[in-house]
Amino acid sequence: MESLALQAFSTVTTTPFSLSSRSSLHLRSRPITKISQPSVFPSSSIPTLRSPLKPLLLLPERPKPLISPIRAVSRNDSTPPTETTTSPPPQGAKLFPLFLSVSIGLIVRFLVPKPVEVTPQAWQLLAIFLSTIAGLVLSPLPVGAWAFIGLTTSIVTKTLPFASAFSAFTNEVIWLIVISFFFARGFVKTGLGDRIATYFVKWLGKSTLGLSYGLTLSEALIAPAMPSTTARAGGVFLPIIKSLSLSAGSRPGDSSSKKLGSYLIQSQFQSAGNSSALFLTAAAQNLLCLKLAEELGIVISSPWVSWFKAASLPALVSLLLTPLILYKLYPPETKDTPDAPAMAAKKLENMGPVTRNEWIMVGTMLLAVALWVCGESLGIPSAVAAMIGLSILLLLGVLDWNDCLSEKSAWDTLAWFAVLVGMAGQLTNLGIVSWMSGCVAKVLQSLSLSWPAALGVLQASYFFIHYLFASQTGHVGALYSAFLAMHLAAGVPGMLAALALAYNTNLFGALTHYSSGQAAVYYGAGYVDLPEVFKMGFIMASINAIIWGVVGKFWWKFLGLY
């Protein structure tokens, strides 16, 4: 999520399951020590790793209460890993990040000369906004807590009236994002996502490359109805990848990781951004991008269809090429996986026929997607379509209200998304965004850049700035409006600029181990080393940029976006 900040992700772990289990996301209730190479498999669920692991996929489901990450099991371990607890961490804000975050706002407010074109109210709000963004990056407090403090500051200083400060909490797009988390929980709880992915393993899993394509295509299929990249990664695909890898003798944290696990992790990680970019409802940040674009006057008609049409060709080309490119650049030692289809077939046999709740989940998501596609002509907004879908799931018992209440990430997202969107909207209303974009436009004009060249410079800047962010949605809230305004000021066609920035937002989710929620999930599996994450993240980012730039140039011209 489907883009999460690392702060939010740190409170969520996935329940372990092999290809034979069906589990949902659970929340940690107590702190644990920081340990190397976290694994989604508890020690009690893994038989001895010194013998072949083909039976692993057939383990019966064992109920687990609250699961914490554990260290990876090494071939030389003589004792099983144990979960270690510590005393609660210190309460309150971290002093040094707090000092830096507050200092940035104070410096802007009192030491940087206010431009004559900007009102005192707008300049003060900019200082508070920058301090809030700095806190999202430096993390003196959890994201939601820091955003709430920023919101409170804007009211206490009389920068914004109470109604204006809280106006974004009624934003339809934000509630659509919140409901998307509940849909993701339904997919995991019913086991439907697990079943779909297992079918692709059965059909395409005879070779390592085919196995990678099966997982990649199954995520693309699930993505529009499971709008959280982190939930897809942790709730569906990582457990399957880990089970297959362990069965092939590929374990995290040692040289055997190169047999299978490292490649499958990298392939799925690097492909996930393209799956998220393919559909408007495949990631929470997509919806936020279009809402911010609308505030700058760029309204996209039939947004679900328009988004898909523009993304379809470059995203599909990238999805088809990514596993193959990584197969050449980052090859697995095991080339063939002849046992995977049989294990997947056995898993499906153990799962039994499609359950009532799975059929309800399928029907509800088909209805929701149909309303997202056709809702505009029917007069049903996207948020209302999502509300209808959630109501059906609640009425028929697929989800209960406790499922919704326990989805802490959804409520946390509601809080800090609303704060960021509200502040960004007020900055636009007060003229800050237009002033900043005008300054950048003058610089670009002084360089005599054409709008295509300006598009390339601004897109690259927006992309690589993400090295400073630990959240795709945080990046959008902080910079999307400003960069879109710069594009418009440089003469870039509005719809092209809005969609290109939004697609870009998904692609940079695989830059680093902290660049997105799914990044934390896949890196935490222990199959890839940190240097490999940065190296392959940069290489694949460059390749994706070339694919989207070249293919997109001709495709978007054909569609009339410019």
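The values are calculated or read from the model by the stated rules, or taken from the named source; none is laboratory data. Bear in mind that the values here come from a model prediction, so they are computed numbers and not experimental data. Reconstructed Cβ throughout: ideal geometry from the backbone, glycine too, with neighbour counts over all protein chains shown. Areas reflect the complete protein model, heavy atoms only, side chains present, ligands, DNA and RNA absent. Shrake-Rupley method; radii C 1.70, N 1.55, O 1.52, S 1.80 Å.
Taking the options TRP411, TRP416, name whichever one is in contact with a helix residue (DSSP H, G or I) (Cβ under 9 Å, 6 or more places away or on another chain), closer than 22 Å to GLN285 by Cβ and open to solvent by 30 Å² or more (accessible area, probe 1.4 Å).
TRP411
From the residues in the stretch 536-562 that are under 15 Å from ALA460 (Cα atoms) and among the aliphatic types (A, V, I, L, M), which one is most open to solvent (accessible area, probe 1.4 Å)?
So the residue we want is ILE546.
Is it true that some residue in the stretch 275-284 is hydroxyl-bearing (Ser, Thr, Tyr), touching a Gly at 6+ places or on another chain (Cβ under 9 Å), open to solvent by less than 30 Å² (accessible area, probe 1.4 Å) and closer than 30 Å to LEU390 by Cα?
Yes, that holds for at least one residue.
For SER164, all conditions in the list (1) more than 21 Å from the chain's Cα centre (by Cα); (2) among the small types (Gly, Ala, Ser); (3) open to solvent by less than 10 Å² (accessible area, probe 1.4 Å) hold save one; what is the number of the exception?
Condition not satisfied by SER164: (3).
Can you tell which of ILE265, ILE240 is open to solvent by less than 10 Å² (accessible area, probe 1.4 Å) and at pLDDT 85 or above?
After applying the criteria, what remains is ILE265.
Go through the stretch 318-345 residue by residue and tally those that are among the charged types (D, E, K, R) and more than 21 Å from SER250 (Cα to Cα). Steps first, please.
Going through the stretch 318-345, the residues among the charged types (D, E, K, R) turn out to be 328, 333, 335-336, 339.
Then keep just the ones that are more than 21 Å from SER250 (Cα to Cα); that gives none.
Within the stretch 318-345, residues that are among the charged types (D, E, K, R) and more than 21 Å from SER250 (Cα to Cα) number 0.
Hey, does the stretch 200-216 have a residue that's in the same structural domain as ALA498 (by the TED database), at negative phi, open to solvent by 10 Å² or more (accessible area, probe 1.4 Å) and among the aliphatic types (A, V, I, L, M)?
Looking through the stretch 200-216, at least one residue is in the same structural domain as ALA498 (by the TED database), at negative phi, open to solvent by 10 Å² or more (accessible area, probe 1.4 Å) and among the aliphatic types (A, V, I, L, M).
Here is a yes/no grid of residues against (1) modelled with pLDDT of 85 or more; (2) part of a helix (DSSP H, G or I); (3) open to solvent by less than 10 Å² (accessible area, probe 1.4 Å); (4) in the same structural domain as ALA147 (by the TED database):
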{"site": "SER461", "(1), (2), (3), (4)": "yes, yes, no, no"}
{"site": "ALA470", "(1), (2), (3), (4)": "no, no, no, no"}
{"site": "THR473", "(1), (2), (3), (4)": "no, yes, yes, no"}
{"site": "VAL476", "(1), (2), (3), (4)": "yes, yes, yes, no"}
{"site": "TYR480", "(1), (2), (3), (4)": "yes, yes, yes, no"}
{"site": "LEU496", "(1), (2), (3), (4)": "yes, yes, yes, no"}
{"site": "HIS513", "(1), (2), (3), (4)": "no, no, no, no"}
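So which of GLY235, GLY249 is surrounded by 24 or more Cβ atoms within 10 Å (Cβ to Cβ) and either under 22 Å from LYS347 (Cα atoms) or assigned by the TED database to the domain that holds GLY524 (or both)?
Every option except GLY235 fails the conditions.
Just for helices (runs of 4 or more DSSP H) wholly inside the stretch 95-184: which have at least 3 residues that are under 24 Å from THR473 (Cβ atoms)?
95-106, 120-138, 143-156
Residue-by-condition table, conditions (1) over 18 Å from ALA184 (Cα atoms); (2) open to solvent by 20 Å² or more (accessible area, probe 1.4 Å); (3) in a loop (DSSP other than H, G, I, E, B):
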{"residue": "ILE325", "(1), (2), (3)": "yes, yes, no"}
{"residue": "ASN357", "(1), (2), (3)": "no, yes, no"}
{"residue": "MET361", "(1), (2), (3)": "no, no, no"}
{"residue": "SER391", "(1), (2), (3)": "no, yes, no"}
{"residue": "VAL398", "(1), (2), (3)": "no, no, yes"}
